[in-house]
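Here the structure comes first, spelled out in structure tokens, and everything after it is commentary.
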Amino acid sequence: MCFDFFSVFLHKLSNSVDKIMKQVRPKKNLGQHFLTDLAIARRIADTVDEPYGDLPVLEVGPGMGVMTQYLVQKPRPLKVVEIDRESVAYLKHTLFKEGFAQEGVAQEGAAAQDAAAAQDGAAAPSAHSAIIEGDFLRMDLSSVFDGSPFVLTGNYPYDISSQIFFKMLDNRNLIPCCTGMIQHEVAVRMASQPGTKQYGILSVLVQAWYDVEYLFTVPPTVFNPPPKVQSAVIRMTRNRVEHLGCDEQLFRRVVKTVFNQRRKMLRVSLRQLLSAEALAMLSASLEGQVTPSDSHAEPPVALSLTQRPEQLSIPQFVELTNQVEKVLFAGTSAVCASTTT
């Protein structure tokens with residue numbers, strides 16, 4: 001009974017995509033590009049199924065629910081966060097008013113009751129509670145599912161996708177998996193490996209905590225309005241790293257500093273962070289590294305200030321951060337000692 005209802009609804013929706021697109025105006029200031037291809041929308045929605053198919057889902061920027069209609073069919077809790085009031089109103093009076101319960105289709109009876117309520121002209125309260133009107137970047141993510149972990153997904157606005165992923169990193173203990181669609185160029189950067197031109201800040205900071213998969217490319221022609229660039233769908237899954245082995249804030253600072261001059265050798269780009277004296281200490285420290293005599297001990301990570309940032313692996317960035325911290329601490333200690341004599 002429940003799935004018959006969904007079939008009818010999806011049939012109606014598929015026959016009126018053009019009409020739907022006229023209901024909410026895409027807003028340039030919000031970076032809105034509404035996906036119009038239902039087959040692609042379903043493919044993106046299905047990316048949340050692996051490897052955490054039992055966790056709740058939070059969709060960012062549902063717009064008019066083209067992806068949401070497929071997410072809501074999955075037997076798991078779903079919430080959406082939308083900053084556009086026009087889109088929120090549309091969702092409340094169309095997609096969610098059709099009777100979808102907050103927790104998807106896990107209970108046929110609940111869905112049937114909601115459908116009956118919708119036919120009577122009243123939207124289900126549980127459906128309304130699934131819509132969060134607000135700015136994702138300002139949200140306290142620990143309150144979304146009462147502190148429980150969840151999968152993050154969405155058709156992310158190009159101009160804030162990096163900020164969304166930095167927020168994901170700050171909440172990595174809550175977000176074991178993140179999927180969705182972003183600008184093709186950004187997706188390539190995030191999945192790139194050391195030694196490539198695309199390898200950069202996002203590559204290092206995200207891959208330090210997540211395994212990144214580039215899933216498929218999406219052409220501009222399936223959006224309203226069409227963006228000027230191609231899009232891509234990715235999946236990020238938490239790796240087993242619990243601690244980087246260095247100061248995380250300094251790690252970010254070092255990575256951003258050296259990639260600000262990505263074509264320069266480290267001995268040049270690190271001048272933005274270290275004094276000439278500290279840089280000389282760092283160079284001497286790296287040149288003085290020796291292989292430990294204990295055959296069971298791990299050898300030091302090879303690192304040279306003649307390397308460029310795009311050549312460094314994540315373990316090398318961790319080692320560089322630790323070495324930078326040592327010379328910064330040594331410099332601070334020297335200043336403190338001179339002021340007390």
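The values are calculated or read from the model by the stated rules, or taken from the named source; none is laboratory data. It should be emphasised that the depicted structure is a prediction, and the values quoted were computed from it without experimental measurement. A quick note on method: Cβ atoms are made from the backbone with ideal geometry, for glycine too, and the neighbour counts reach across all protein chains shown. Heads up: the accessible areas ignore ligands, DNA and RNA and are worked out on the full protein's heavy atoms, side chains in. Shrake-Rupley method; radii C 1.70, N 1.55, O 1.52, S 1.80 Å.
For M265 and D247, calculate 0.36 nm times their separation in residues minus their Cα-Cα distance, and state this gained length in nm to one decimal.
Working: separation 18, 0.36 × 18 = 6.48 nm, distance 2.27 nm.
Working it through step by step, the gained length comes to 4.2 nm.
Note the full-extension length gain between K256 and D135 as 0.36 nm times their separation in residues minus their Cα-Cα distance, in nm to one decimal.
Full extension of this stretch gives 41.0 nm more.
One-quarter of the Cα convex hull surface for the stretch 166-253, in nm²?
6.7 nm²
As a test of reading the structure, rank D247, D170 by solvent-accessible area (1.4 Å probe, protein chains only), most first. Don't skip to the end; give the middle numbers.
Working: D247 65, D170 105 Å².
Result, largest first: D170, D247.
Report the GluC sites (Glu not before Pro) located in the stretch 220-283 that are in a DSSP loop and have at most 13 other Cβ atoms inside 10 Å of their Cβ, or state none.
Passing both the DSSP loop test and the Cβ count: E242.
Given points 7 Å out from each Cα along the Cα-Cβ axis, report the A276 to D37 separation in nanometres with one decimal.
A separation of 5.8 nm, rounded to one decimal place.
Around Y199, under 12 Å between beta carbons, what's the net of Lys plus Arg minus Asp minus Glu among the other residues?
Net of charged neighbours comes to +3.
Give me the net charge of R238's neighbourhood, meaning all other residues with Cβ under 12 Å from the Cβ of R238; Lys, Arg count +1, Asp, Glu -1.
Computed value for this residue: +1.
Test of understanding: what is the full-extension gain from R85 to Q307, defined as 0.36 nm times their sequence separation minus their Cα-Cα distance?
Numbers: separation 222, 0.36 × 222 = 79.92 nm, distance 4.95 nm.
Length gained between R85 and Q307: 75.0 nm.
Could you give each residue of the stretch 245-250 its phi-based ³J(HN,Hα) in whole Hz, using Karplus coefficients 6.51, -1.76, 1.60 with θ = phi - 60°, and x for Gly or Pro?
x, 7, 5, 5, 5, 5
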